[in-house]
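Everything on this sheet refers to the single structure shown next.
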Amino acid sequence: MKFINYLEKVSGVDIIGLISLTIFFLFFVVMLTWVFKTKKKDFIEVSNIPLDNQH
Amino acid sequence: MQETNQSMQVEKFYYDNKIVKAFGYATVIFGIVGMIVGLWAAIQMYYPAISLNLAPTTFGRLRPLHTNAIIFAFVGNASFAGIYYSLQRLCKARMWSDKLSWIHFWGWQLIIVAAAITLPLGLNNGAEYAELIWPIDIAIALVWIIFGINMFGTIIKRREKHLYVAIWFYIATWVTVALLHIVRSIELPYSATGSYSWYAGVQDALVQWWYGHNAVAFFLTTPVLGLMYYFLPKAANRPVYSYRLSIIHFWSLIFIYIWAGPHHLLYTALPDWAQSLGVVFSIMLIMPSWGGMLNGLFTLRGAWDKVREDPVLKFMVVAITCYGMATFEGPLLSLKSVNAISHFSDWTIGHVHIGGLGWNGFMAFAILYYMIPKMWGTSLYSKKLATNHFWLGTIGIIIYAVPLYWAGFEQSLMWKQFTPEGQLKFDFMQTVTNIKYMYVARSVGGTLYLIGAFIMVYNLYKTIAKGTFIPNEAAEAAPIVKAVTQKKEYWHRVIERKPLTMLVLSLILVAIGGLVQMIPTFLVKSNVPTIASVKPYTPLELQGRDIYVREGCHTCHSQMIRPFRDEVARYGEYSKAGEFVYDHPFQWGSKRTGPDLAREGADKNKRPDSWHYTHMYDPRLTSPGSIMPRYIWLLDDKLDISTTAAKIRAMRKLGVPYPKDYDKIANVDLMKQADSIAGNLKKDKIETSSDREIIALIAYMQRLGRDIQGEPKPISEKK
């Protein structure tokens, strides 16, 4: 149950920072590509779902 | 597509309004209760006698009751009501299982009742917004899973191909709250009601504010944003301004939010890199938040005339504006230079109430005003009363928040002032008595808001009386047909239609931020430099510490001296990460209504045992002008030492280095130390038995900050 400090210092784990930055960057690239490549027509259809006054 | 059309038979089904009604009623009842408790606690800030000098109604116990009631009972029930209403309609399907709906409802209400009983009894585990004891924590997890099964069941059997953005917010809420709750609640029970956090000190603090910050994000923000994306277009009768923006809003919000927790711990003993990470992500957070706010407000473009007429839209406009204000202020408060002033002060309380009263409260009122007439097949009894409620609420928010901003700023600046001779200009008490009238103003604002809520209750009651409830609302829609699509679909459309993929993606996204911060804090040794002179608490001190936790002392007293000139001058050497390694849970606090106690027992601040005794009997005898409640029962109640052995064993399991088998003899040491304190009191002409709770609390107070006072300064933190 104890937490043990396996690594001596943070400078040895720079890779964590690099991985984080890469994930961060890729996340936005992928999301923005997705959003801006989608046609507006599709969005209009979906955004009207709540207004489907039938019910 | 010919085959598809042939098989499209319209199905008839019914929306379950009964469950929405139940959650709606619970929202109103617990909302009123939570607000009354809040007002009661607020009045104690300038009139402490209104605690009635009773243990269950002192500020330290009422404050968690207020926050839990508002967060989990009021906003929680409102979100569930809105989710059960909108999810069915967005999926064109009844809830998957009525039985699960009702288990969710009654389970949640029982949890609330259990919280309302245990918190005033002092049964809490000392973690802000996660105070509830471990059996209730387990119940929350179970009920949450039931809710999730029912929600996903409904989504899977839906008749609408696409998942509207509101549902994304609901999915993210569910998965993230589950993750937060489980990680925060990992604790080791030592009795049927007591437990110690698995984490200690700095690590506990990181987990706590990862949890605390994201409870705001995923319990008070994302579900309510989902409600906004459904009910605002409904009320305005027009689609959301930009669906594209809503997608960016969703993904960037859930991704960025989870990293920002450490901004609650700026200038504390948390490693600097984690603080900086928290700041950077908090600043970035302004973009998705404002994207959402603008998306909401722009939805009303060309429809502002409706806002004049419709109370639902009125409430929504102020709610969304408050969301924008709070999410603008949040990043500002995360700047280290601003935080140096705002932290520990009433500024934070003002800030959260813009979010709580404005964003959450007004959104809850808006959806109640929308849903209740619809479900009773009638119109609102009185638009005029609703408008009066709106204005009372709005003015109430302003009168609540502005004095607290002022008080926070003024008090914090007073703390930091020095005379030309280099002495602190004000003693702590002066900075408190100076802002008392601001507390009075705040409670006036709260009262106005509460009166508004009562007007709503009357208005809704009359609306219900004139309508007829529609328990099962008829609807019809065609089922989704598994069509073989002719052209290749763009890949996001595929994700968007698969709720489980959505769930997994959301989970991965929110897990990243937490892992990046937690892994190094837990694994890297240099992040928590050990200090050889820091020793575990004695059994009596440990019992005293548990009383400190029980009474909620951390709601008003911090134990974290930041490295500022004034704090070092006032309290002593700034706090080091290594000092808290045996603190399960950490008690750094987030508000300094009373002075910091991190070095209360150090030689610099040392007061005789009799001072503490008298102070607990009546704080105004030792500190004229104090607004602290009296803790008379501590002087009379007998300390329960039957728990000592179990507590020591639990601590040993958590890695606190008590000697082997120490639990068997711990009470001997406990009595020895208690007798010595009783002896000290006797010298000061205070006759008391050594087995009273006050003795343990004094032992703990006198221990605070003693460990490192002999250390050479500054303590070098070897990298």
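How many of the residues making up region B:179-200 are in a helix (DSSP H, G or I), surrounded by 23 or more Cβ atoms within 10 Å (Cβ to Cβ) and over 15 Å from the mean Cα position of the chain (by Cα)?
0
Would you point out which residue out of B:649, B:620 is free of Cβ contacts under 8 Å to residues at least 12 places away in the same chain and assigned by TED's automatic domain parsing to the domain that holds residue B:697?
Working: B:649 fails: free of Cβ contacts under 8 Å to residues at least 12 places away in the same chain.
One residue alone meets the criteria, B:620.
So, of the residues in region B:222-255 that are free of Cβ contacts under 8 Å to residues at least 40 places away in the same chain and under 27 Å from the mean Cα position of the chain (by Cα), which turns out to be nearest to residue B:79 (Cα to Cα)?
By that ranking, first place goes to B:253.
Looking at B:400, B:370, B:381, which one is in contact (Cβ under 8 Å) with a residue 24 or more places away in the chain, in a loop (DSSP other than H, G, I, E, B) and assigned by TED's automatic domain parsing to the domain that holds residue B:316? Reasoning before the result, please.
Working: B:400 fails: in a loop (DSSP other than H, G, I, E, B); B:370 fails: in a loop (DSSP other than H, G, I, E, B).
Answer to the check: B:381.
Out of (1) farther than 22 Å from residue B:514 by Cα; (2) buried (at least 22 other Cβ atoms within 10 Å of the Cβ); (3) away from chain A (no Cβ under 14 Å); (4) at pLDDT 95 or above, the odd one out for residue B:135 is which?
(2)
Among the residues in region B:266-288, are any assigned to a loop (DSSP other than H, G, I, E, B), closer than 22 Å to residue B:319 by Cα and within 13 Å of chain A (Cβ to nearest Cβ)?
Within region B:266-288, the first condition is being assigned to a loop (DSSP other than H, G, I, E, B), and the residues that meet it are B:266-271, B:285.
Remaining after also requiring closer than 22 Å to residue B:319 by Cα: B:285.
Right, trim to within 13 Å of chain A (Cβ to nearest Cβ) and you get none.
Within region B:266-288 (the criterion being assigned to a loop (DSSP other than H, G, I, E, B), closer than 22 Å to residue B:319 by Cα and within 13 Å of chain A (Cβ to nearest Cβ)), the answer is no, since none of the residues qualifies.
Quick one: which residue in B:21, B:12, B:92, B:99 is charged (D, E, K, R) and either in the same structural domain as residue B:436 (by TED's automatic domain parsing) or without any contact (Cβ under 8 Å) to a residue 40 or more places away in the chain (or both)? I'd like the intermediate steps shown before the answer.
Details: B:21 fails: either in the same structural domain as residue B:436 (by TED's automatic domain parsing) or without any contact (Cβ under 8 Å) to a residue 40 or more places away in the chain (or both); B:12 fails: either in the same structural domain as residue B:436 (by TED's automatic domain parsing) or without any contact (Cβ under 8 Å) to a residue 40 or more places away in the chain (or both); B:92 fails: either in the same structural domain as residue B:436 (by TED's automatic domain parsing) or without any contact (Cβ under 8 Å) to a residue 40 or more places away in the chain (or both).
Result of the check over B:21, B:12, B:92, B:99: B:99.
Residue-by-condition table, conditions (1) of a type in the set (Val, Ile, Thr); (2) touching an Asp or Glu at 6+ places or on another chain (Cβ under 7 Å):
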position: B:148; (1), (2): no, no
position: B:155; (1), (2): yes, no
position: B:162; (1), (2): no, yes
position: B:166; (1), (2): no, no
position: B:170; (1), (2): no, no
position: B:173; (1), (2): yes, no
position: B:178; (1), (2): no, no
position: B:189; (1), (2): no, no
position: B:197; (1), (2): no, yes
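Among the listed residues B:662, B:700, which satisfies the condition of being under 28 Å from residue B:594 (Cα atoms), in contact with a helix residue (DSSP H, G or I) (Cβ under 7 Å, 6 or more places away or on another chain), away from chain A (no Cβ under 14 Å) and among the aromatic types (Phe, Trp, Tyr)?
Details: B:662 fails: under 28 Å from residue B:594 (Cα atoms).
Matching residue, one of B:662, B:700: B:700.
Can you tell me which condition residue B:468 does not meet? The list is (1) surrounded by 12 or more Cβ atoms within 10 Å (Cβ to Cβ); (2) out of contact with any Asp or Glu (no Cβ under 8 Å at 6 or more places or on another chain); (3) modelled with pLDDT of 80 or more, and all the others hold.
Residue B:468 satisfies all of (1) surrounded by 12 or more Cβ atoms within 10 Å (Cβ to Cβ); (2) out of contact with any Asp or Glu (no Cβ under 8 Å at 6 or more places or on another chain); (3) modelled with pLDDT of 80 or more except (1).
Answer yes or no as to whether residue B:185 is touching a residue at least 24 places away in the same chain (Cβ under 8 Å), more than 14 Å from every other protein chain (Cβ to nearest Cβ) and within 27 Å of residue B:652 (Cβ to Cβ).
Details: touching a residue at least 24 places away in the same chain (Cβ under 8 Å): yes; more than 14 Å from every other protein chain (Cβ to nearest Cβ): yes; within 27 Å of residue B:652 (Cβ to Cβ): yes.
Here the answer is yes, as residue B:185 does meet what is asked.
Any residue that is over 17 Å from residue B:185 (Cα atoms), within 14 Å of another protein chain (Cβ to nearest Cβ), more than 17 Å from the chain's Cα centre (by Cα) and surrounded by 19 or more Cβ atoms within 10 Å (Cβ to Cβ) - is there at least one of those in region B:104-122?
no
Looking only at region B:600-613, which residues are closer than 21 Å to residue B:693 by Cα and touching a residue at least 40 places away in the same chain (Cβ under 8 Å)? It would help to see each step written out before you state the result.
Taking region B:600-613 as the starting set, the residues that turn out to be closer than 21 Å to residue B:693 by Cα are B:600-601, B:606-613.
Hits for region B:600-613 are B:600, B:601, B:606, B:608, B:609, B:610, B:612, B:613.
Which ones in region A:20-44 are farther than 13 Å from residue B:247 by Cβ, of a type in the set (Val, Ile, Thr), more than 8 Å from chain B (Cβ to nearest Cβ) and more than 10 Å from the chain's Cα centre (by Cα)?
Once the filter is applied, which keeps residues that are farther than 13 Å from residue B:247 by Cβ, of a type in the set (Val, Ile, Thr), more than 8 Å from chain B (Cβ to nearest Cβ) and more than 10 Å from the chain's Cα centre (by Cα), region A:20-44 yields only A:22.
Only one residue in B:168, B:210 is closer than 29 Å to residue A:29 by Cβ, more than 14 Å from chain A (Cβ to nearest Cβ) and assigned to a helix (DSSP H, G or I). Which one? Write out each step before concluding.
Numbers: B:168 fails: more than 14 Å from chain A (Cβ to nearest Cβ).
Only one candidate qualifies: B:210.
Got a number for residues in region B:258-276 being of a type in the set (A, V, I, L, M) and modelled with pLDDT of 85 or more? Let's see the steps before the verdict.
First, pick out the residues of region B:258-276 that are of a type in the set (A, V, I, L, M): B:258, B:260, B:265-266, B:269-270, B:274.
Subsequent filtering for residues that are modelled with pLDDT of 85 or more retains B:258, B:260, B:265-266.
Of the residues in region B:258-276, 4 are of a type in the set (A, V, I, L, M) and modelled with pLDDT of 85 or more.
Across region B:530-570, what is the number of residues that are in a helix (DSSP H, G or I) and within 18 Å of residue B:205 (Cβ to Cβ)? It would help to see each step written out before you state the result.
The first filter runs over region B:530-570 and keeps only residues in a helix (DSSP H, G or I), leaving B:539-550, B:553-555, B:565-570.
Of the ones still in play, those that are also within 18 Å of residue B:205 (Cβ to Cβ) are B:545, B:548-549, B:553-555, B:567.
Count: 7.
Do you know which residues across region B:567-593 are touching a His at 6+ places or on another chain (Cβ under 8 Å) and more than 17 Å from residue B:702 (Cβ to Cβ)?
Start the filter on region B:567-593 by keeping residues that are touching a His at 6+ places or on another chain (Cβ under 8 Å), which leaves B:587-590, B:592-593.
B:588, B:589, B:590, B:592, B:593 - these are the residues of region B:567-593 that are touching a His at 6+ places or on another chain (Cβ under 8 Å) and more than 17 Å from residue B:702 (Cβ to Cβ).
Being among the small types (Gly, Ala, Ser), within 26 Å of residue B:280 (Cβ to Cβ) and part of a loop (DSSP other than H, G, I, E, B), is that true of even one residue in region B:341-357?
yes
Got a sec? Which helices (runs of 4 or more DSSP H) wholly within region B:595-701 have at least 2 residues that are in contact with a Ser or Thr (Cβ under 6 Å, 6 or more places away or on another chain)? Don't jump to the end; show me each part of the working.
On the way: elements: B:609-617, B:619-622, B:632-636, B:644-653, B:662-683.
Passing ranges, in order: B:609-617, B:619-622, B:662-683.
The values are calculated or read from the model by the stated rules, or taken from the named source; none is laboratory data. Note that the structure is predicted; figures quoted are calculated from it, not measured. Here the Cβ is made from the backbone with ideal geometry for all residues, glycine too, and neighbour counts use every protein chain on show.
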